[in-house]
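S.K.: Quick one: the structure is below, and I'll ask about it shortly.
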Amino acid sequence: MISIYSIGAIILAYIFGSIPTAVWIGQAFYGVDVREYGSGNAGATNTFRVLGKKAGIPVMLIDILKGWTATNLAYFIGLSITGPEHSVQYVNYQLALGIVAVMGHLFPIFAGFRGGKGIATLLGMVLAVHPQAALLCVLVFVTVLLITNYVSLSSILAGFTFPVSLIFIFHVSVKAILIYGMCICVLILVTHQKNIERLLKGKESKVNLFGKKKD
């Protein structure tokens, strides 16, 4: 059902997603547009690569918050429209708003429609929809990052953890969430194509959380 509240929520979700955290933090505190360096993306991974963890960590956290906030806008549409919380219809609204936020991150109106890859925003969305699976994804991300120092590889494996955990650990049967999980895998493969190529060639940049940035 389309209402003024659902339309407003969609617009707000896109606006939240469009906040170019990496660009604004890079320009405000470092005088650098991260899109002109590294992979050319305005996301947490490239911020880690170009500016290091002091800039990368806040960018990642804010981008996660963007996705979480946008997804939870479903609550403000009104339960009379979305149905009770955690119902299939309510989750569908959450997924729709989260996807809009991710699209805003990929194509931000505040940064010339040149955004990032949406991994952190996706995580925020997952955190709102299925917190347990999201926390498992975070665990995988942190573990891989500590072992390899590759933010991109950590993001890829964390993203693939979501649908796998839904099916084999949490036994989720809601088709919309499962389809969304599969779409995450496809999106990750598409947006991280260059990262995967650099990883295979051993040319991907590393980030050392306990020291200086590595090349």
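S.K.: Could I get the Rg over Rh figure for the stretch 92-136? Both from C-alpha atoms, Rh via Kirkwood, rounded to two places.
M.R.: 1.04
S.K.: Same structure, new question: Just report the Cα centroid separation between the stretch 18-73 and the stretch 95-136, whole Å.
M.R.: Here the answer is 13 Å between Cα centres.
S.K.: Also: For each of Met125, Met182, Met60, count neighbouring Cβ atoms within 10 Å of the residue's Cβ, then give the residues from fewest to most.
M.R.: Placing the least packed residue first, the sequence is Met182, Met60, Met125.
S.K.: Something else now. Can you find, among Val140, Leu200, Gly181, the residue farthest towards the positive end of the dipole of the stretch 89-215? Put +1 on the C-beta of Lys and Arg, -1 on that of Asp and Glu.
M.R.: Farthest towards the positive pole: Leu200.
S.K.: Now a separate question. What does the helix-only formula give at 222 nm for the chain: each DSSP H stretch with n ≥ 4 adding -39500 (n - 2.57), the total divided by the residues, and the result rounded to the nearest 500 deg cm²/dmol?
M.R.: Using -39500 (n - 2.57) per qualifying helix, the result is -21500 deg cm²/dmol.
S.K.: For a quick check: with amide H placed at 1.01 Å from N, whose amide H comes under 5 Å from Lys206's, ignoring anything fewer than 5 positions away on the same chain?
M.R.: Lys214, Asp215
S.K.: Between Tyr30 and Leu79, what is the label-point separation in nm under the 7 Å Cα-to-beta-carbon projection?
M.R.: Here the modelled spin labels are 4.4 nm apart.
S.K.: Ok, one more. Can you work out ³J(HN,Hα) from phi for every residue in the stretch 81-88, in order, using Karplus 6.51 cos²θ - 1.76 cosθ + 1.60 and θ = phi - 60°, giving whole Hz and x for Gly and Pro?
M.R.: With coefficients 6.51, -1.76 and 1.60, one gets 9, 7, x, x, 4, 6, 6, 4 Hz.
S.K.: Also, quick follow-up: Please check: in the Gaussian network model of the chain (C-alpha springs, under 10 Å), which one of Pro20, Pro84, Pro58 has the largest mean-square fluctuation.
M.R.: Largest GNM mean-square fluctuation: Pro84.
S.K.: Next up: Take the alpha carbon gyration tensor of the chain, find the square roots of its eigenvalues, order them as a ≥ b ≥ c, and report rounded if a/c is under 1.5; if not, report prolate when a/b exceeds b/c, else oblate.
M.R.: Oblate, because a/c is 1.5 or more while a/b does not exceed b/c.
S.K.: Could you give the dipole magnitude of the chain about its Cα centre, charging the beta-carbon of Lys and Arg +1 and that of Asp and Glu -1, in debye to the nearest 20? Please list the in-between numbers first.
M.R.: Values: 16 positive and 7 negative charges, 144 e Å.
That gives the chain a dipole magnitude of about 700 debye.
S.K.: Right, another one. Could you tell me whether the stretch 88-213 comes out rounded, prolate or oblate from its Cα gyration tensor? Rule is a ≥ b ≥ c as square roots of the eigenvalues, rounded for a/c under 1.5, then prolate if a/b exceeds b/c, otherwise oblate.
M.R.: Cα axes put the stretch 88-213 in the oblate bin.
S.K.: Fewest to most neighbouring Cβ within 10 Å: what's the order for Thr121, Thr161? Spell out each step's value before the answer.
M.R.: On the way: Thr121 33, Thr161 23.
Fewest to most other Cβ atoms nearby, the residues stand as Thr161, Thr121.
S.K.: Further question on the same structure: What order do you get for 42-55, 69-82 when each peptide is scored by the mean count of other beta carbon atoms within 10 Å, highest first?
M.R.: So the order, starting with the most tightly packed, is 42-55, 69-82.
S.K.: Mind checking the full-extension length gain between Leu199 and Ile179? Use 0.36 nm per residue of separation minus the Cα-Cα distance, one decimal, nm.
M.R.: Values: separation 20, 0.36 × 20 = 7.20 nm, distance 2.76 nm.
Contour length minus Cα-Cα distance gives 4.4 nm.
S.K.: Quick one: how many lysine pairs in the chain have C-alpha atoms under 12 angstrom apart, if they're 8 or more apart or on different chains?
M.R.: Lysine pair count for the chain: 10.
S.K.: Would you work out the charge dipole size for the stretch 42-161 about its Cα centre, treating the Cβ of every Lys and Arg as +1 and the Cβ of every Asp and Glu as -1, and quote it to the nearest 20 debye?
M.R.: 420 debye
S.K.: Moving on. So how do Glu204, Glu85 line up by other beta-carbon neighbours within 10 Å, fewest first?
M.R.: Working: Glu204 21, Glu85 11.
Least to most surrounded, the residues fall as Glu85, Glu204.
S.K.: Please give me, ordered by residue number, the chymotrypsin sites (Phe, Trp or Tyr not before Pro) of the stretch 116-215 that lie in loop per DSSP and have at most 15 other Cβ atoms within 10 Å.
M.R.: When the chymotrypsin sites (Phe, Trp or Tyr not before Pro) of the stretch 116-215 are filtered for loop state and at most 15 Cβ neighbours within 10 Å, Phe170, Phe210 remain.
S.K.: Let me ask something else. Determine, from the Cβ-Cβ distance of Lys54 and Tyr5 and an R0 of 25 Å, the FRET efficiency 1/(1 + (r/R0)^6), rounded to the nearest 0.05.
M.R.: Computed FRET efficiency for Lys54 and Tyr5 comes out at 0.05.
Coordinate-derived values only; no laboratory data. Keep in mind that this is a model prediction, so the values were computed, not measured. Because the Cβ atoms are built from the backbone with ideal geometry, glycine has one as well, and the counts that use them run over all protein chains shown.
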